[in-house]
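The values are calculated or read from the model by the stated rules, or taken from the named source; none is laboratory data. It should be emphasised that the depicted structure is a prediction, and the values quoted were computed from it without experimental measurement. When we count neighbours, we look across all protein chains shown, and the Cβ atoms used for this are built from the backbone with ideal geometry, even at glycine.
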Amino acid sequence: MAGNGFDTRELKKFRDNLVKLNKNMDIIIEDCARALAARLLREVKMRTPTGSPPKFDTEFKKKRKTPNPEKEAAEAAQYEEYWGGYTGGTLKRAWHSTSVVKHGYTFTILVINQTEYAIYVEYGHRQQAGRYVPAINKKLKEGWVPGKFMMTISAEKIQQKAPQIVEKIIAQRLGEYFID
């Protein structure tokens, strides 16, 4: 304080920072939404099961005393026919998120998987018990395959962590405006 007046430079600077913060509030909220979506996407990909081709059946080699190259070649050809081009991980690779969309005061990002069988893996599905499936060379045992709930569990986990994640981002961004 100099004489009988006040130095208002710091108050004006604070006011200007508040105005900047108010203008950039949507950007901060979008950053929070992107961070939450990225963590959800990572979590759901980690929980998504990846199929693997069955191991080549070598039981016949143990049962026979002498190897049978013709039968081995026929079984190898059958295995190659069903599992030759198999790569696995289609469901896991299909997860993606959309961009941020603002509707009024609501910001939305969708984390989706458009693979046609994703919902059956998520929630489970029925199958005909006793039916023979040539691709796996087995009969189905159970009438119901339980779901993996990869999205449901991941969303609950991120929902619990969300306050800490958002608080950290907001504190970081507020520091940009108010800490010199």
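Here are some notes:
- When TRP83, TRP95 are checked against the criterion of being over 22 Å from the mean Cα position of the chain (by Cα), surrounded by 11 or more Cβ atoms within 10 Å (Cβ to Cβ) and either outside the structural domain of ALA35 (by TED's automatic domain parsing) or within 19 Å of ARG47 (Cβ to Cβ) (or both), TRP83 stands alone in meeting it.
- Test: residue in segment 120-129 that is under 23 Å from THR90 (Cα atoms) and loosely packed, with under 11 Cβ neighbours inside 10 Å: yes
Okay, residues lined up against (1) modelled with pLDDT under 75; (2) in contact with a Phe, Trp or Tyr (Cβ under 6 Å, 6 or more places away or on another chain); (3) part of a helix (DSSP H, G or I); (4) outside the structural domain of GLN114 (by TED's automatic domain parsing):
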{"site": "ARG34", "(1), (2), (3), (4)": "no, no, yes, no"}
{"site": "ALA37", "(1), (2), (3), (4)": "no, no, yes, no"}
{"site": "GLU43", "(1), (2), (3), (4)": "no, no, yes, no"}
{"site": "ASP57", "(1), (2), (3), (4)": "yes, no, no, yes"}
{"site": "LYS62", "(1), (2), (3), (4)": "yes, no, yes, yes"}
{"site": "PRO67", "(1), (2), (3), (4)": "yes, no, no, yes"}
{"site": "GLU75", "(1), (2), (3), (4)": "no, no, yes, yes"}
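- Enumeration of residues in segment 162-180 that are surrounded by fewer than 14 Cβ atoms within 10 Å (Cβ to Cβ), charged (D, E, K, R) and in a helix (DSSP H, G or I): GLU167, LYS168, GLU176
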